[in-house]
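I have placed the structure first, in the form of structure tokens, so that the comments after it can refer back to it.
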Amino acid sequence: MRIVITGALGFIGSHFAKYVFNKDNDIKILVIDNCTYAANRDNLKGITYEWLNKDICDVTADDLGEYDYLVNFAAESHVDNSIKDGRPFVRTNVEGTFNLLEVARQNPNLKKFVQISTDEVYGDMDDLGPGVLADEEFSIIGSSYYSATKASADLLVQAAGRTYGLPYLITRTCNNYGENQHNEKLLPTIVNCIKNNLKIPIYGDGQNVREWIHADDNSMIIFNLLNSNSIGIHNIGSGERYTNLQIIEIIERILGYQLDLKFVEDRKGHDRAYGLLTKYKPVLQNNLTKYLQTSLDTI
């Protein structure tokens, strides 16, 4: 088996590449990564892989050779950055996905094109009422240029499936956490502030609800879906949903003291709540409290 993984020098993509290698190191892995600010080759230490340093907008069929699966993790993913400048999001998330689809269509032996998406494409669950969770039949709504471009990419994948018969999976995953996450994200930001005696910035009133899954568990589910007969859209959730302030409370219980918070102006168009209904429920190996305990042990 040979698998192409785009964006594998980033956070979630690197967890998936390592999971694949450790699951079966006879699987040949081609990593495609343009080494943007969120990429780090150290993320793939200890595994064997080929690397193509190229923008996914410019990848050609000749670059890839023979392969069975193409898994697209490559994306601009930080909502704040999309608010400041949406153009890179349109290029990578939309144009880049389109180009990969056009390339994949040239592979007569393709088993699956796997598009890594996000729960954010469903929009704000709070708009629909308390406790509402999204299943795969929910409409998609773009609250930010990030979520809108990811939703657009999903539609392109579905269109390629219907028009050209491209075999595909779209995985819509909740917030990931784990080792090597970029420090712009919430959990690394909190840990970094604690280590450096800084006030922890909290958007708005801190009551925004997110669902959390470890990147290793997400990787396991994606790999199992890839090797199954499943096609189409699959939500990947954990059931672990917390407000940002509840996460702060978990950390305070672990540390045994109260943290110094700094409430900042809320993000433009900030969705209040995400939550997923998922038909695919394997036993997960991690939980957020245990991870935070380990992350804070050195403080």
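Quick notes on this structure:
- Segment 179-248-segment 50-70 distance, computed between alpha-carbon centres (Å): 29
- Neighbour cut-off at most 12 other Cβ (10 Å), DSSP loop, GluC sites (Glu not before Pro), segment 65-161: Glu66, Glu137
- Spatially proximal lysines relative to Lys150 (Cα-Cα < 23 Å; intrachain offsets below 8 disregarded): Lys54, Lys84, Lys111, Lys112, Lys185, Lys268, Lys279
- Shape analysis of segment 81-233 yields a ratio of the Cα radius of gyration to the Kirkwood radius, Rg/Rh, of 1.00.
- Angstrom value of the Kirkwood radius, inverse mean 1/r, which spans all Cα pairs in segment 1-83: 13.0
- Within the chain, longest stretch clear of exposed chymotrypsin sites (Phe, Trp or Tyr not before Pro) (DSSP loop, no more than 15 other Cβ within 10 Å): 38-256
- Between helix 11-23 and the chain there is an angle of about 60 degrees, using the helix long axis and the longest principal axis of the Cα atoms.
- Estimated [θ] at 222 nm from DSSP helical runs (n ≥ 4, -39500 (n - 2.57)) normalised by residues in the chain, nearest 500: -9500 deg cm²/dmol
- Three-way shape label, segment 56-155, alpha-carbon gyration tensor, a/c 1.5: oblate
- For the chain, with +1 on Lys and Arg beta carbons and -1 on Asp and Glu, the positive-most of Asn183, Met220, Ala75 along the dipole: Met220
- Diffusion constant of segment 245-299 at 25 °C, which comes from Stokes-Einstein with the Kirkwood Cα-pair radius and 0.890 mPa s, µm²/s: 171
- Angle in degrees between helix 145-164 and the longest Cα principal axis of the chain, rounded to the nearest 10: 30
- With the largest listed first and rounded to whole Å, the semi-axes of the equivalent ellipsoid of segment 157-290 from the Cα gyration tensor are 33, 17, 13.
- Derived value for segment 185-231: Kirkwood hydrodynamic radius 13.7 Å. Basis is the mean of 1/r over every pair of different alpha-carbon atoms.
- One Cα centroid belongs to segment 1-45, the other to segment 86-139; the line between them spans 20 Å.
The numbers here are math on the coordinates, done by the rules we state, and not lab data. Everything numeric in this text was worked out from a predicted model, so none of it was measured. Backbone-built Cβ (ideal geometry, glycine too); neighbour counts: all protein chains shown.
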